[in-house]
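Participant: Questions regarding the structure given below will be posed in turn.
Bear in mind these aren't lab numbers, they're just calculated from the coordinates by the rules spelled out. Since the structure is predicted, the reported quantities are computational estimates derived from the model, not experimental observations. Here the Cβ positions follow ideal geometry from the backbone for every residue, glycine too, while neighbour counts run over all protein chains shown.
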Amino acid sequence: MKILEVKNLVKNFGGLRAVDDLSLTIEEGQILGLIGPNGAGKSTAFNCIAGVYPPSDGEVYFFGEKINNHNPWDLCKKGLARTFQIVKPFASKTVLYNVTVGGYVHTEKRAKAEEKALEVLKYIDLYDKKDMKAGKLTIADRKRLEIARALATGPKLLLLDEVMAGLRPTEVDKMVEIIKDLRDNGITFFVIEHIMRAIMALSDRIVVIHYGQKISEGRPEEIASDERVIKAYLGEEYGVS
């Protein structure tokens, strides 16, 4: 079943076309990767899908419902959540407080929201740090906290924007395990990532954009051998002979 469908998406900022006629679909239970050079329009596409920016043209459907111009908080209630490239927790508040905020999407009761937050923290291995101030966390734990806040909203589709940036290789491997396990437990993912070994290991399919346009789409092994992608982004070391 299609959980997300993007049709001919365009986003203009004055005379700059940041996203240019982008079309893609994500099936329920899939992990779709989105890659491309810096400035290619990846985060802008995410922002249009998640309701941060209104599309200049094109259509976005979530479970068959057109969601152009929906507010981010309304989309979150429908099950479409996202993380942000620059992690900004409530630094002076506890880890538990930060995740509890996400739990309020579906309840007005603090006890219910906190119960959901504790469940997520146990799942994502941050429970032992629940009473720590978020500003004291390591980069890796802040990244996990960002995912935990999104998970507390109960997403069906989760958009991850470079959640592995700045992590050590062992931390990247742990994050890959977490995302795969979450997918196996019913969450669909749309992932922007620059760490190629991670995106190649995670994704069922990958979309590549350059100057806002899709230049390739396929399985990871197909993307790694696509001459257009190698020339525009990956570099020769990713070519498959």
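Participant: Lys130: which lysines have alpha carbons under 30 Å from its alpha carbon, excluding same-chain residues fewer than 8 sequence positions away?
Facilitator: Lys77, Lys78, Lys88, Lys93, Lys109, Lys112, Lys116, Lys122, Lys143, Lys156, Lys174, Lys180
Participant: Oh, and also: Quick query: amide H of Glu27 versus all other amide H atoms, modeled in the peptide plane; which residues come in under 5 Å with a sequence gap of 5 or more or a different chain?
Facilitator: Sorted by chain and number, the residues that satisfy this are Ile3.
Participant: PRE reach from His106 (point 7 Å along Cα→Cβ): which of the range 183-200 fall under 19 Å by backbone N?
Facilitator: So the set is 183-190.
Participant: Follow-up question, since we're still on this one. In 10 Å bins starting at zero, report the fraction of Cα pairs in the range 138-184 per bin as a rounded %.
Facilitator: Over the range 138-184, the share of Cα pairs per 10 Å bin runs 25, 61, 14 percent.
Participant: What distance in nm lies between label points placed 7 Å from Cα along the C-beta direction at Glu177 and Arg228?
Facilitator: The two pseudo-label positions are separated by 3.8 nm.
Participant: Using amide H atoms built 1.01 Å from N in the peptide plane, name the residues 5+ places from Arg82, or on other chains, whose amide H lies under 5 Å from its own.
Facilitator: Leu159
Participant: What length, rounded to one decimal in nm, is gained on full extension from Asp131 through to Lys66, with 0.36 nm per residue of separation minus their alpha-carbon distance?
Facilitator: Extra length from Asp131 to Lys66 when fully extended: 19.4 nm.
Participant: Considering only DSSP beta bridges where both residues belong to the range 2-238, give the percentage that are antiparallel (nearest 5).
Facilitator: Close to 55 percent.
Participant: Determine the relative contact order of the chain: mean sequence separation of Cα pairs under 8 Å and six or more apart, normalised by residue count, in whole percent.
Facilitator: RCO, the chain: 25 percent.
Participant: So, one more: Using DSSP to define loop residues, name the trypsin sites (Lys or Arg not before Pro) in the range 45-147 whose beta-carbon has at most 12 other beta-carbon atoms within 10 Å.
Facilitator: Here the sparse-neighbourhood loop sites are Lys109.
Participant: Charges on Cβ only, +1 for Lys and Arg, -1 for Asp and Glu, centred on the Cα centroid of the range 2-238; of Gly135, Asn185, Pro55, which one is farthest towards the dipole's positive end?
Facilitator: Gly135
Participant: Also, I was wondering about something else. Enumerate by residue number the GluC sites (Glu not before Pro) in the range 54-160 meeting two conditions: DSSP loop (anything except H, G, I, E, B), and at most 11 other Cβ atoms within 10 Å of the site's Cβ.
Facilitator: Glu108
Participant: Summarise the long-distance tail of P(r) for the chain by giving the % of C-alpha pairs beyond 29 Å.
Facilitator: So the pairs more than 29 Å apart make up 28 percent of the total in the chain.
Participant: Sticking with this structure for a sec: I'd like the Karplus ³J(HN,Hα) series for the range 167-172: coefficients 6.51, -1.76, 1.60, θ = phi - 60°, whole numbers in Hz, and an x wherever there's a Gly or Pro.
Facilitator: 8, 6, x, 5, 6, 4
Participant: So, one more: Using θ = phi - 60° and the Karplus form 6.51 cos²θ - 1.76 cosθ + 1.60, what ³J(HN,Hα) does each residue of the range 122-132 get, whole Hz, x for Gly and Pro?
Facilitator: So the Karplus estimates, Gly and Pro as x, are 5, 5, 9, 6, 10, 4, 5, 10, 4, 9, 7 Hz.
Participant: What is the spin-label model distance, in nm, from Gln85 to Glu27 if the labels are put 7 Å beyond Cα along the C-beta direction?
Facilitator: 3.0
Participant: On to the next question. Quote to one decimal, in nm, the extra length available between Glu5 and Glu115 on full extension: 0.36 nm per residue of separation minus the C-alpha distance between them.
Facilitator: 36.3 nm
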